[in-house]
Number of protein chains: 6
Amino acid sequence: MSNEQFRILAVGAHPDDIEFGCGGILLAEVERRSVLSLCICSRGEAGTNGTPEEREEEARKAARLLGATIEFLELGGDCRLNASASNNLALARVIRKARPDVLLSPTAGGNQHPDHIVVSLLCRHATRLARYGGLGELGDQPVHAIKHHFEYAITPGAEPPNDRPKLRVDIGAQAERWIELMECHATQLRTRRYVELQTARARLLGLTSGIEYAQALYPVDDFLIHTLSELPASVRLF
Amino acid sequence: MSNEQFRILAVGAHPDDIEFGCGGILLAEVERRSVLSLCICSRGEAGTNGTPEEREEEARKAARLLGATIEFLELGGDCRLNASASNNLALARVIRKARPDVLLSPTAGGNQHPDHIVVSLLCRHATRLARYGGLGELGDQPVHAIKHHFEYAITPGAEPPNDRPKLRVDIGAQAERWIELMECHATQLRTRRYVELQTARARLLGLTSGIEYAQALYPVDDFLIHTLSELPASVRLF
Amino acid sequence: MSNEQFRILAVGAHPDDIEFGCGGILLAEVERRSVLSLCICSRGEAGTNGTPEEREEEARKAARLLGATIEFLELGGDCRLNASASNNLALARVIRKARPDVLLSPTAGGNQHPDHIVVSLLCRHATRLARYGGLGELGDQPVHAIKHHFEYAITPGAEPPNDRPKLRVDIGAQAERWIELMECHATQLRTRRYVELQTARARLLGLTSGIEYAQALYPVDDFLIHTLSELPASVRLF
Amino acid sequence: MSNEQFRILAVGAHPDDIEFGCGGILLAEVERRSVLSLCICSRGEAGTNGTPEEREEEARKAARLLGATIEFLELGGDCRLNASASNNLALARVIRKARPDVLLSPTAGGNQHPDHIVVSLLCRHATRLARYGGLGELGDQPVHAIKHHFEYAITPGAEPPNDRPKLRVDIGAQAERWIELMECHATQLRTRRYVELQTARARLLGLTSGIEYAQALYPVDDFLIHTLSELPASVRLF
Amino acid sequence: MSNEQFRILAVGAHPDDIEFGCGGILLAEVERRSVLSLCICSRGEAGTNGTPEEREEEARKAARLLGATIEFLELGGDCRLNASASNNLALARVIRKARPDVLLSPTAGGNQHPDHIVVSLLCRHATRLARYGGLGELGDQPVHAIKHHFEYAITPGAEPPNDRPKLRVDIGAQAERWIELMECHATQLRTRRYVELQTARARLLGLTSGIEYAQALYPVDDFLIHTLSELPASVRLF
Amino acid sequence: MSNEQFRILAVGAHPDDIEFGCGGILLAEVERRSVLSLCICSRGEAGTNGTPEEREEEARKAARLLGATIEFLELGGDCRLNASASNNLALARVIRKARPDVLLSPTAGGNQHPDHIVVSLLCRHATRLARYGGLGELGDQPVHAIKHHFEYAITPGAEPPNDRPKLRVDIGAQAERWIELMECHATQLRTRRYVELQTARARLLGLTSGIEYAQALYPVDDFLIHTLSELPASVRLF
């Protein structure tokens, strides 16, 4: 099996979204020497718990555990993100600079924080703008086309319907370190049991997959194959 | 890249469904030494053109071109197929005998021939029954669990909505022989331009994929991966 | 708050479906003196583990723990259930005899055992037939109209999409006894970790509801109210 | 049955939206001493009939009939409302000031006036922002978490699909006064038969519920119950 | 405008379905000399009110008012209809004999009587079987291809979602006679206010269309045009 | 058959969208003396190929072939379009000036260029604003209500699901000139085979309609008819 390393860019609206939504997957990727960049679109400054400085420091600590670079992108501030054309361009610039093979961004549907939805839409659009040649504002950075775009669901309420095929990623070997990673966001755990919640979620997806723990990714695009042998395993237990 | 050969079972309601809906894909698979069985659930005896004997012979000819074994399954006859529990069992028996890694069956949705929908539902259910240990009627055949279940759309009207990720299979190298394969069903081409229709469809899917010709498969199940390097290419052109 | 007791009829395709899908809810109901009947539409005779006799005895044991009556309905046998008009009538007869206020039956959607889907459809239809006056076959039993019809999802794959409002039932006080209840089905736990799976699922739904454990019910019908004070709490945590 | 009174905030895009979409429900609520605030996000200044002054006065007259306070919120003006982060915050401020138990806002789907859709999205998001502790702009108002969020459909075209469970509210006793309430908006009735239309709509929903008149509310969230006795009646007539 | 007369076949599960669901439309068609056949798939023998003989006579009376021929098709009996291949064939035979240009049949979705759903599916499939040349059982009748297939919703709960374009048919001139037509089914009006319900429904659809009364038809197929001038009016009032 | 000429306004986000998405239909309309205006919401200045000047000139050349007037609307620039209230108003002004009977605009769904989605939403909303009497900014132009609003899908990925009825327009007689029309956009054909792609798409839709080439339009609204004879042909081949 191929073990090609990827350049991965994970985008989140708030300092803890990425770790909660796909942290186990990222741990598995950096373990096999993929290169990871995080882009956080606010400092969580609207949250009830934690100052922006604390939130930023928590995210930086998590990034260190992940071995990732981290960038805070200014798009108007926590709870003030707009799905605007200029924000599309701002994210396209991040993509051009990071030059990822793989983009990970939040899902847009369901009943969830408005910022998650905005960042999802911005990422959908930014991947196109990143590869168009005529955008003057971005002219200092060469165009870039990503290879894969997958979405992660920050909460169970943000998951697409079951009838849409998804990727389940085995994070059994990463489960313990994933919990450490989530615990970096200590201010957010004061009043909400997010670690238990995310762990129960990964446990449930794992058990329905015949393994211990799994997190899901939702493909934005079709796959192109030449033979069926290029495909990973299907989950066919229940 | 792995070149693991598969045992493949393709199921169709009528003698020409498989060739029209996924013939190019099957040609690619047999080329790389996958082992192919065809199961046809009628002899097309209700059709306007062709006798059942002619239809059967056309299917056998196509099977020979494909290098596949072929079986005609009696489920009530063309236009008389029922989505019944006993037909579920009949198809489960076919699966147990063929012992495929991969099952290919029609999609169930859309505005299409009722038999296509019935065969789709029968196959969905039969894959479960094939692996259950307590079914006396099937007791002479050992249980069998397939590895993959993919569906193919016989007509454009049977395609699931665009927002459901699918597999696009490059059949550029098979296009010419696929046309020959479809032309085996000469009686069906007397009054309908099916070959042109299916070719235009594969051409359109190919061009939107950056290649010459493609046919689509719709995964029934989620995929399970350990790292992102296990995934095939995403289609990200438009 | 009202503590009106209900007559409840829970219908399952296999001996363990009800306990796995809504066992905690049933425990809470019988605790407050609701009257519970179980109707099982097979003896699980197609399953890999357990004989029909063992399966029946496991279900009877669970029924005793629940303080419920139990009936095994013959609809063709495990894996052989048909969504037929005569099976609709058979279930309508069960409803007329049990005279429930509340019917609990499986959801029909998703990728799940075909028998679950059949029983779901049969129950949808049987509730109508149970109240029609002109059905000679049922004439020995008076017509009966249920008050509520709710569906339960036996597996995560059988859950309707998130955007469809559902009822989350707090089963925190029942969690331990629910596990005992599920463990009655010992033959089914030999090769599958169903208890862990269902517990993780209830844990996840509980944590997203601000409580310890919850199971979900999906209303088939609209609710009719006179003032908003008739409504239970909304879940508005995340 | 509980008769807990609620603080209710109803939000509309135009001066007549609330009365047309859920006026009968509000009449029933104020009758039982719930406290009602109306927030209107424009003065209908883009409409063909009626000046902004007339429209405002009509809304104030309706508010008096309802015994409600009324506030006009400036979000850019009729036909100029944007689904922006700053408008999310403006509505969050209204929520913090009104401190409602229940928020009523328009549905977002279907083929309807763009302002309805914008106000729907703003309300969805504002309920979250109202309860977050770190939003400096709103810092003069204490955080507030609503208990229930329900949506109303201003026109038949704005109704969600039938398969999504909804609340039908019996407004038979309010029907006459509801008509008076709608007739406050005299300028809007010059060229369109809105009162007849809304009455026919409530009549139809009533007759399918076994009562005289009903209006619908669409729950945004799941309900949390401890026993089934907490639930209102299901509609099971047809 | 063309005034081509059509041969129309309307199919219903029970003696009153057609009049309730599309009676006004049929009146308009026969007025302009279209030729109408009714096919009723039961005698309503399971209903609470009315004997099969009374129900049949009511349907015959309505057919006389409509100037239509009427046929009662035996498919197993009221509440006992199956979506089986043999019933597909039985309806295909009816189509071949009636040779309609237009087929009207019930919608399949929503929460409605199971027989409505079965008849809907049977009609979908029968239109195909009616035109296939090889069906021996039907060999005594020449093949027949209908020109149009439209569906009608017997109850509001059977209506497809609003976002699916439909045909609204102006029945203002037929409203009074439509009521007479519905009143033929006197046994069904003893305990249910169907006439009021259907009238309120047609009134609502009319008022949202800028006319007095309308009933809806749901096209099964795409339309084929050569220029936009072939299209009827769009409804663009609200 | 009526041959009423229409005033048609076609709106596109980029200089080539209209020709690619519905060029064949427009050719058929101008042939029969409909009056056509094109409104292009950018100069394609973000594209990789072609300068804005070249792109504009290509669009003007295509407009000349079409015999259409053309207007370039400034809404922020290619890849910078926002779905804002002020852009809604800008498009409403275009509609008031062009006074079309028919508006053609892009579909909003699917995985496509963000500008297409924005222009789709703007057009949906602008048709309402164009007919409202109180919009001061537009006061120099009289209100205007269009008669029909249809959407076209620029790419296959932008097509609504198959189960939504659409209009298929026979463009067999226009196919050659449509290719010429698309070839006006020479800069865009340097690196992408758009002409082949769109031709294969029209060929596929044609063949499934029993003709040579077809393009599709998606109705935004219901149709209102008085008799079934007002309807065009249904497509009922497969």
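The values are calculated or read from the model by the stated rules, or taken from the named source; none is laboratory data. None of the values given here were measured: they were computed from a predicted structure. We place every Cβ from the backbone using ideal geometry, glycine too, and count neighbours over all the protein chains shown. For the accessible areas, the whole protein counts, side chains as well, though only heavy atoms, and no ligand, DNA or RNA atoms are used. Shrake-Rupley method; radii C 1.70, N 1.55, O 1.52, S 1.80 Å.
Work out Dmax and Rg for the range F:88-238 from the C-alpha atoms and quote the Rg first, both in angstrom.
Looking at the range F:88-238, its Cα Rg and Dmax stand at 17.6, 52 Å.
Per the Kirkwood formula on distinct C-alpha pairs, the Rh of the range B:1-159 is how many angstrom?
When all Cα pairs of the range B:1-159 are included, the Kirkwood radius is 15.6 Å.
Where Lys and Arg each count +1 and Asp and Glu each count -1, what net charge lies around C:Arg131 among other residues with Cβ under 10 Å from its Cβ?
Local net charge: +3.
As a test, work out the antiparallel percent of DSSP beta bridges whose residues both lie in the protein assembly as shown, rounded to the nearest 5.
Within the protein assembly as shown, antiparallel bridges account for around 30 percent of the total.
Within the range A:110-206, which trypsin sites (Lys or Arg not before Pro) sit in a loop by DSSP and count at most 11 neighbouring Cβ atoms inside 10 Å?
Listed in order of number, the matching sites are A:Arg190.
Which ³J(HN,Hα) values in Hz, rounded to whole numbers, follow from the phi angles of the range E:78-95 under the Karplus curve 6.51 cos²θ - 1.76 cosθ + 1.60, where θ = phi - 60° and Gly and Pro get x?
Each residue's phi maps through the Karplus curve to give 3, 6, 10, 6, 10, 7, 9, 4, 6, 6, 3, 5, 4, 6, 4, 5, 4, 5 Hz.
Sort largest first and round to whole Å: the equivalent ellipsoid semi-axes of the protein assembly as shown, each the square root of five times a Cα gyration tensor eigenvalue.
41, 39, 39
Among residues other than B:Ser37 whose Cβ falls under 10 Å from its Cβ, what is the net charge (Lys/Arg +1, Asp/Glu -1)?
Value of the local net charge: +2.
At D:Gln141, with labels set 7 Å past Cα in the Cβ direction, how many nm apart are the copies from this one, shortest first?
Label point to label point, same position, other copies: 3.7, 3.7, 5.6, 6.7, 6.8 nm.
What are the GluC sites (Glu not before Pro) within the range A:25-81 that DSSP puts in a loop, where the Cβ has at most 12 other Cβ atoms within 10 Å?
A:Glu74
Note the buried accessible area between D and C here, summed over both chains, with a 1.4 Å probe, in Å² to the nearest 100.
4800
Between the DSSP loop rule and a limit of at most 13 other Cβ atoms within 10 Å, which trypsin sites (Lys or Arg not before Pro) in the range F:24-67 are left?
Filter output for the range F:24-67: F:Arg33.
Based on DSSP H runs of at least 4 residues, each adding -39500 (n - 2.57), what is the mean residue ellipticity at 222 nm of the protein assembly as shown after dividing by all its residues, to the nearest 500 deg cm²/dmol?
Rounded to the nearest 500, the figure is -11500 deg cm²/dmol.
Output wanted: per-residue J couplings in Hz (rounded whole) for the range D:29-43, from phi through Karplus 6.51 cos²θ - 1.76 cosθ + 1.60, θ = phi - 60°, x for Gly and Pro.
For the range D:29-43, the Karplus curve yields 5, 5, 3, 9, 6, 5, 9, 10, 10, 10, 10, 10, 8, 6, 10 Hz.
Explain nothing, just compute: Karplus ³J(HN,Hα) = 6.51 cos²θ - 1.76 cosθ + 1.60, θ = phi - 60°, for every residue of the range F:57-62 in order, whole Hz, x for Gly and Pro.
These are the phi-based 3J(HN,Hα) values: 5, 4, 5, 5, 4, 4 Hz.
Just checking the output field for D:127-139: average partner chain Cβ neighbours within 10 Å of each residue's Cβ?
Mean inter-chain Cβ contacts per residue within 10 Å come to 5.
Compute the Cα gyration tensor for the range B:62-138, then decide on rounded, prolate or oblate, letting a ≥ b ≥ c be the square roots of its eigenvalues: rounded whenever a/c is under 1.5, prolate when a/b is larger than b/c in the other cases, and oblate in all that remain.
oblate
Which chain F residue hugs the F-C rotation axis most tightly by its Cβ, and what is that distance in angstrom, to the nearest whole number?
It is F:Pro161, 8, counting Cβ atoms only.
Compare each residue of the range B:9-38 in its chain alone against the assembly with all protein chains, and report those whose accessible area goes down by 20 Å² or more; 1.4 Å probe, heavy atoms.
For the range B:9-38, once contacts with the other chains are taken into account, B:Glu29, B:Arg32 lose 20 Å² or more.
Hey, which lysines would be in cross-link range of C:Lys166, C-alpha to C-alpha under 16 Å, not counting anything within fewer than 8 residues on its own chain?
D:Lys166
Size of the dipole of the range B:151-204 about the Cα centre, Lys and Arg at +1 and Asp and Glu at -1 on the beta carbon, nothing else charged, in debye to 20?
Here the range B:151-204 has a charge dipole of around 140 debye.
Specify which residue in the list E:Val220, E:Leu207, E:Leu135 is farthest towards the positive end of the charge dipole of the range E:134-235, using unit charges on the beta carbon of Lys, Arg (+1) and Asp, Glu (-1), about the Cα centre.
Final value for the positive-end residue is E:Leu207.
Kindly report the accessible area of chain C per residue (heavy atoms of protein chains, probe 1.4 Å, no ligands, DNA or RNA), in Å².
With the other protein chains kept in place, chain C gives 33 Å² per residue.
Taking all protein chains in place and a 1.4 Å probe, what share, in percent, of the accessible surface of the protein assembly as shown do carbon and sulfur account for?
Roughly 51 percent of what the probe reaches on the protein assembly as shown is carbon or sulfur.
Return the aspartates and glutamates within reach of B:Lys97: Cα separation strictly under 13 angstrom, same-chain partners fewer than 8 residues apart disregarded; answer none if there are no such residues.
Hits, sequence-local ones excluded: B:Glu71, B:Asp140.
Any chance you could check the Cα centroid distance between the range B:1-66 and the range A:155-213 for me, in angstrom?
Result: 43 Å between the Cα centres.
Binning every alpha carbon pair distance of the range A:22-92 at 5 Å from zero, what are the percents per bin?
4, 15, 22, 19, 18, 15, 6, 1
Taking each residue of E:201-209 in turn, how many C-beta atoms of other protein chains fall within 10 Å of its C-beta, and what is the average?
6
By the scheme Lys and Arg +1, Asp and Glu -1, what is the net charge of all other residues having a beta-carbon under 10 Å from that of B:Ile8?
-1
Just to confirm the numbers: C:Glu31, label point 7 angstrom along the Cα-Cβ line, distances to the other copies in nm, shortest first?
Label point to label point, same position, other copies: 3.7, 4.0, 6.4, 6.4, 7.5 nm.
Can you list, shortest first and in nm, the gaps between the label point of E:Glu4 and those of its counterparts in the other copies, using a point 7 Å from Cα in the C-beta direction?
Ordered by distance, the counterparts are at 1.9, 5.5, 5.7, 5.7, 6.3 nm.
Please name whichever of B:Leu103, B:Gly172, B:Asn162 sits farthest to the positive end of the charge dipole of the range B:92-174, dipole taken about the Cα centre and charges placed at Cβ: Lys and Arg +1, Asp and Glu -1.
B:Leu103
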